[in-house]
Amino acid sequence: MLAHNAHGGYSYANFFAAPPATLTGKYRVLSIIEAAGWPIWPLILCSVIALAIIGERLWSLRQNVVLPKNTLAHAVQAYRQNGVTPQLLAQIAASSPLGQILAAGLRNEKRSPAVMKESIEEAGHLVAIDLERFLTSLGTIAAIAPLLGLFGTVIGMIEIFGSQGPQGSNPLALAQGISIALYNTAFGLVVAVPSMVFYRYFRTRVDALLVEMQIQAVKLVEIVHGERDA
């Protein structure tokens, strides 16, 4: 809030002062959103979407979900006991993304190693698309969040210049413009930086998982064709 000072002017001290201790965290957040103005809402939407994507990818890209331990060993054991059956292929494919790749290879176990590897590569492309799900959206949020913050800054500057009049500046409009500019700039960075960090992390994680799955699939081809012991 603005208050008259002793010289008849306005003081901005109360406006930028910390909220009273009696305010709860909820009211503090609401006051920040109100001070930031309507440009903050696209950034809030981006932050909610980014949090949802980060949580979903952290859960889906776990090691025991994508590359369960001993998946290759169990697949080879079942193959040697019963051969390739529709039930075996369905069971392996349903177990994990790695299982989908191994099942694609076993489906062509009577073909040459080159054909098996080709079918594995095709399945790997499909698995890669699934592992990279939502990452493009997360990267887009990381890229546009600073721009949305800059947009809010421009809106705040417009408010500041709009406060200028023949009789001088309007202190309320000036303070509102400053708060819109600063809050939106800060919140844009708050959304962009974690989004970019997790985007890079997930990309690296997916690449590492794909390499490990490729290694496991090549081992399967070599085992099926007698070029490697299990």
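If we count every other residue with Cβ under 13 angstrom of Arg57's Cβ, Lys/Arg +1 and Asp/Glu -1, where does the sum land?
Details: positive: Arg62, Arg133, Arg200, Arg203, Arg205; negative: Glu56, Asp130, Glu132.
My count for the surroundings of Arg57 gives +2.
Hey, any idea what % of the range 56-140's accessible area is carbon plus sulfur with a 1.4 Å probe?
Values: 2610 of 4830 Å².
In the range 56-140, the share of accessible area belonging to carbon and sulfur is 54 percent.
What order do Arg205, Arg107 take when sorted by accessible area (1.4 Å probe), most exposed first?
Per-residue accessible area, sorted high to low, gives Arg107, Arg205.
Give the cross-link partners of Lys69 among the aspartates and glutamates, using a straight C-alpha distance below 18 Å as the criterion and excluding same-chain residues fewer than 8 apart.
The reachable aspartates and glutamates, counting only those whose Cα sits under 18 Å from Lys69, are Glu212.
How much of the accessible area of the range 175-230, probe 1.4 Å, is carbon plus sulfur, in whole percent?
On the way: 1800 of 3030 Å².
In the range 175-230, the share of accessible area belonging to carbon and sulfur is 60 percent.
Could you do me a favour and compute the accessible area per residue for the range 80-187, 1.4 Å probe, result in Å²?
Details: 6000 Å² over 108 residues.
Here the residues of the range 80-187 average 56 Å² of exposed surface.
The values are calculated or read from the model by the stated rules, or taken from the named source; none is laboratory data. All figures in this text were calculated on a predicted structure; none of them were measured in a lab. No Cβ is skipped: glycine too gets one built from the backbone with ideal geometry, and neighbour counts run over all protein chains shown. Calculation scope for accessible area: heavy atoms of the full protein, side chains included, ligands and nucleic acids excluded. Shrake-Rupley method; radii C 1.70, N 1.55, O 1.52, S 1.80 Å.
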